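The values are calculated or read from the model by the stated rules, or taken from the named source; none is laboratory data. Predicted model, so just to flag it, every value in this text is computed and none were measured. Counting neighbours? That spans all protein chains shown, and the Cβs are built from the backbone with ideal geometry, glycine included.
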Amino acid sequence: MNATYKILSLHLVEGQLKRGEEIGIRIDYTLTQDSTGTMAYLQFEAMGIPRVKTEKSVAYIDHNTLQTGFENADDHMYLTTVAKKHGVYLSKPGNGVCHQVNLERFAIPGKTLLGSDSHTPTAGGLGMLAIGAGGLDVAVAMGGGAYYLPCPAVVNVRLTGKLRRGVAAKDVILEVLRRLTVKGGVGKVMEYTGEGIKTLSIPERATITNMGAELGATTSIFPADAMARDFLCAQGREQDYTPVLPDPDATYDETVTIDLSALEPMVALPHMPDNVKTLREAGPVKVDQVCIGSCTNSSYLDMMRVARILKGKTVHPDVGLVIAPGSRQVLGMLAANGALNDMIQAGARITETACGFCIGMGQSPRTGAVSLRTNNRNFFGRSGTKSAGIYLVSCETAAASALSGVLSDPRALDVDLDIPMPEKFAYNDNLILPPAPPEAAGAVEVVRGPNIRPFPQAEKLADNLNGQTLLKMEDNITTDHIMPSDSKLLPFRSNIPKLSDYCLTPVDATFPARAKAAGGGILIAGQNYGQGSSREHAALVPLYLHIRAVIAKSFARIHRDNLINNGILPLVFQNEADYDRFDQGDELALDGVRALVTTGAEVIPVRNVTKGFTCNTLLKLSDRQRGMILAGGLINMVREKE
């Protein structure tokens, strides 16, 4: 067996490990963050389960930390009290970005982790099978339910050689994206093997698994070897080490080979993570802003390399440099060894250990700016400035470019970038709050501010569905398009009615008003609809607007699951050419759709009433998913069974 299937087999509770067949796995750990967590805990409460049933569940507050009104602070109080009552640990604001803190303090090789954030696979760098999912799936897992997914294919990404000085782990995953694209990992787990992995530290491996989410992959994983043991020992967690290795004769569905020694610094150009070129190909682009941090590149080793490059120098006068260490542990160690002062003296602005600029929560660049960033996504408008060009690079490239004022190759610098892994990290868990013991949980009051509104729930699938084509969209519509995430809207993550005024506005500013006037309808989309974040709001807000079906050429994995969880039909064109026959405003009819779904039909005819033709769409559902669609979502189905 490969490492992926070893973990799956130990956690399998339903189904068989056959490619493409639905399986159910036991979840050991869960992770939520405050942007998606409020909704996940509202859904958990709706299930009526008094206490989480996982080995450990952790709620992090790291996204909505810019408090310009009462909304974020109210959500934080809700999360603090609901976690305390229901058996969940809470990482307070300022403790760090969820994936960085999770890697440091909670990730365990061989365990399963389900997180309400698409970059949950970061923990795969430590040999954990870590999967991003919608908040409702995480709520079910907290209640002891299985997580269901198509049994994935496993791709062997075989690494050979060793990275040269100035070439980083970020360049490895950018090379994978260049080869495979943002759709290349759908339905797959990327498992890294080969002699080259022995040269990569755990933080470097975590950078690679983190950004594997941009491939659309189910998850990414490295084996848990001696490097993992040493990392856990340095974190004071040696008892958490379990070796997780593929068998010598392990088989894989595909193999991708990358020679680390042949790689050179890479950059993802606007506005997609797979729009990758080498720095040589991109040329010396003038830079206005450099942002270093995020869950992809904010580890102690990342920050120390940045400090080495900046030490004794000054940031170019035309560049604004922002640095956000990933955790309080990292920030404290930088402060203790003087590296933080090196950054400050060079002219860097040090921001909170939080998601910040990566999700558009502050540090938006000026009009038309070029911003180099070490985060994982450069979707259009995500920075908060639609006219800005966001380029994704390694920390080394970012720091070198901040000094020169242009996109620069760090290999040209005469700097020692060989940073040793600490023998002991300066860990301190006093900002991680334990839950109330079971006997005291009943006395805990869950505090809800006025911004927390009930989440919408679908009705049972009607016998027939009719509606107008409210919007026709192109390929690679992301969750940032469907439900924008920026400093203006993040405070309203627990207020679906408020968010509904902004649904799909990056595509068409008139959409919310038209959807409300029409009383709902149907969406048409191209390839990879719903790419990007795990945010369930990209399904909940359309549900609130009475969208009952999306017809697309293909769907991103997590978003498709979120649509089904909320009772929205994800239909795929049987013949992609039929996409061109539909226009916005066409009246559509799905005649007898409930009967078709009930009988397990995989072909659902869609009648274009306006143009007078019928085309076939595909709806491939497991029995469990079919029950959700018929009931009007997962919560309704659970209630029916009770």
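Scan the range 60-104 for residues that are in a helix (DSSP H, G or I) and among the basic types (Lys, Arg) and jot them down.
Within the range 60-104, LYS84, LYS85 meet the criteria.
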Report task. Go through the range 109-150 and give me each residue that's surrounded by fewer than 24 Cβ atoms within 10 Å (Cβ to Cβ) and of a type outside the set (Ser, Thr, Tyr). Result -> GLY110, GLY143, GLY144, GLY145, ALA146, LEU149, PRO150
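May I ask you to list the residues in the range 187-204 that are within 20 Å of the chain's Cα centre (by Cα) and at positive phi? Even if it seems obvious, please write down each step before you answer.
Applying the first criterion (within 20 Å of the chain's Cα centre (by Cα)) to the range 187-204 yields 187-192, 202-204.
The one that is within 20 Å of the chain's Cα centre (by Cα) and at positive phi: GLY187.
Going through the range 424-483 one residue at a time, which ones are of a type in the set (S, T, N, Q) and surrounded by 15 or more Cβ atoms within 10 Å (Cβ to Cβ)? Full working, then the answer.
We begin by selecting, within the range 424-483, every residue of a type in the set (S, T, N, Q); these are 428, 430, 451, 457, 464, 466, 468-469, 476, 478-479.
Residues satisfying the conditions are ASN451, GLN457, ASN466, GLN468, THR469, ASN476, THR478, THR479.
Name the residues in the range 276-322 that are in a loop (DSSP other than H, G, I, E, B) and under 26 Å from TYR427 (Cβ atoms), would you? I'd like the intermediate steps shown before the answer.
As a first pass, look at the range 276-322 and keep what is in a loop (DSSP other than H, G, I, E, B): 283-285, 287-288, 293-299, 311-319.
Passing the criteria: GLY293, SER294, CYS295, THR296, ASN297, SER298, SER299, LYS311.
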Report summary line: Reported set for the range 59-115 where residues are among the acidic types (Asp, Glu) and over 28 Å from TYR300 (Cα atoms) is GLU71, ASP74, ASP75
Query - Subset of the range 592-642 [polar (S, T, N, Q) and not in a helix (DSSP H, G or I)] - result: THR599, ASN608, THR610, THR614, ASN616, THR617, SER622
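Here is a check on your reading of the model: is THR614 surrounded by fewer than 17 Cβ atoms within 10 Å (Cβ to Cβ), closer than 30 Å to ALA146 by Cβ and β-branched (Val, Ile, Thr)? Quick ask: steps written out before the conclusion?
Values: surrounded by fewer than 17 Cβ atoms within 10 Å (Cβ to Cβ): yes; closer than 30 Å to ALA146 by Cβ: no; β-branched (Val, Ile, Thr): yes.
Spelling it out, it is not the case that THR614 is surrounded by fewer than 17 Cβ atoms within 10 Å (Cβ to Cβ), closer than 30 Å to ALA146 by Cβ and β-branched (Val, Ile, Thr).
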Requested in this report: Considering only residues that are in contact (Cβ under 8 Å) with a residue 40 or more places away in the chain, among the small types (Gly, Ala, Ser) and assigned to a loop (DSSP other than H, G, I, E, B), look in the range 488-545 and name the one that is farthest from GLY69 (Cα to Cα).
Outcome: GLY526
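Can you tell me which residue within the range 225-267, out of those that are of a type in the set (D, E, K, R) and assigned to a loop (DSSP other than H, G, I, E, B), is farthest from the chain's Cα centre (by Cα)?
ASP249
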Query raised in the report: Quick one: is GLY184 over 15 Å from the mean Cα position of the chain (by Cα) and surrounded by fewer than 24 Cβ atoms within 10 Å (Cβ to Cβ)?
Result: yes
Requested in this report: Check ILE27, ILE49, ILE23 and return the single one that is closer than 24 Å to VAL155 by Cβ, β-branched (Val, Ile, Thr) and part of a loop (DSSP other than H, G, I, E, B).
Outcome: ILE27
Query raised in the report: Assuming LEU590 fulfils every condition listed in (1) surrounded by 24 or more Cβ atoms within 10 Å (Cβ to Cβ); (2) modelled with pLDDT under 95 apart from one, which condition is it?
Result: (2)
Report task. Mind counting the residues in the range 151-180 that are out of contact with any helix residue (DSSP H, G or I) (no Cβ under 7 Å at 6 or more places or on another chain) and surrounded by fewer than 19 Cβ atoms within 10 Å (Cβ to Cβ)? Result -> 4
